[in-house]
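Some notes on the structure that comes next.
Just so it is clear, none of the values below were taken in a lab; they were calculated from the coordinates. All figures in this text were calculated on a predicted structure; none of them were measured in a lab. FYI the Cβ positions are ideal-geometry reconstructions off the backbone, even for glycines, and counts take in every protein chain you see.
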Amino acid sequence: MTGYSRHTYDLLVQATPAPFTGFNQRILNGGVLWNEGIEIGAGVTPIQRPSFTWVFRTNFTSLKNRVQELPVPDLCPVGATVCGFRPPNAGYGLAYGEFFIQQGRAITQIIGTDTVPGTGGAFKPLPSYLGQANPRFRWSFINDLTYKRLAFSMLWEWQYGGVAQNQTLSLYDCNGLAPDFSSPRGQSGYGACNVWGVAAPFVQSTSFLKLREASVGYDLPERWANVFGARNARVSVTGRNLILRPTTSATIPRSRTMASRPSCVTSTSVRILRHGASSSRSRRGSDHDHHTAKALAGRGCRLGDAPVGRRLLEFFRRQEHQPA
């Protein structure tokens, strides 16, 4: 088990000043940032026999942070209602949700415009807190089973808490390109962007439970390994992100412009142990997340029942042919 609590002083703070100043960045020295975290790792061998072994391992991680002080009076004037600033690359505006560094809040908080319930669309005087990108915890579970020459491993990962700016969803909804545009959810998203200008529908939870990796391997007989000039050889089949719940676009691994289904990677590999050193040759097919409509169309990526890449490409082509 490992834990820590740390205060960092005299930070180099990068703030985005108001546009009328003529500057796009301001660097200040000051402030106090607090970080706290804990990591717990454990392992047990429930079964250990000559022909069968089961090893179970788990790892739990939780991290917290808070901005305790900001430079006064540059970023926190005396008597100010909110002490904070917009960092570089915060996002595309409050109507879609963006990062905001604020005294007394987590450094990864996301804020956005919202309306007062029951007022028919009256905006709140200040942007609303919509969550923070940092999850409350991550918990992984690893099972390694070996039966004679056959080996099987499985890694589950559970993330609880945290939100993300779903930029792809806002692009579809704002332009009426969502596959479920005619549904209540699609109409709500379109109205949130084009009528009300609120960010809440585009900031989504990133909690998930997924089967991050599963593999099956077979240790080849020693005489087969000798053909490769090695002492040991293993043939294995591996799959990644095979199960993901929930399958919302905000939970897709390694993605900011998010798709709607898990990104599955399958691989077949032959691993050779040569004089104690391990080398691997693999053949892998992957569904990477591309940031352009052309790439999306080329791979036939789908959101629900609609080929998103093709729809985006057609949309951009129409925009190019419209008169200026």
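Structure notes:
- Loop-located trypsin sites (Lys or Arg not before Pro) in the stretch 154-234, at most 16 other Cβ atoms within 10 Å (DSSP): Arg231
- Computed over the alpha-carbon pairs of the stretch 55-197, the distance histogram in 5 Å steps reads 2, 8, 12, 13, 14, 13, 11, 9, 7, 5, 3, 2, 1, 0, 0 percent, short to long.
- Computed over the alpha-carbon pairs of the stretch 1-130, the distance histogram in 10 Å steps reads 11, 28, 26, 15, 10, 7, 3, 0 percent, short to long.
- Value of Rg to Rh for the stretch 58-102 (Rh from inverse mean 1/r over Cα pairs, i.e. Kirkwood): 1.13
- Exposure proxy ranking, count of Cβ atoms within 10 Å, fewest first, for Glu39, Glu213: Glu39, Glu213
- Where labels lie 7 Å past Cα in the beta-carbon direction, separation of Glu39 and Tyr4 in nm: 0.8 nm
- Candidates per trypsin sites (Lys or Arg not before Pro) in the stretch 76-165, loop by DSSP, up to 14 other Cβ within 10 Å: Arg136, Lys148, Arg149
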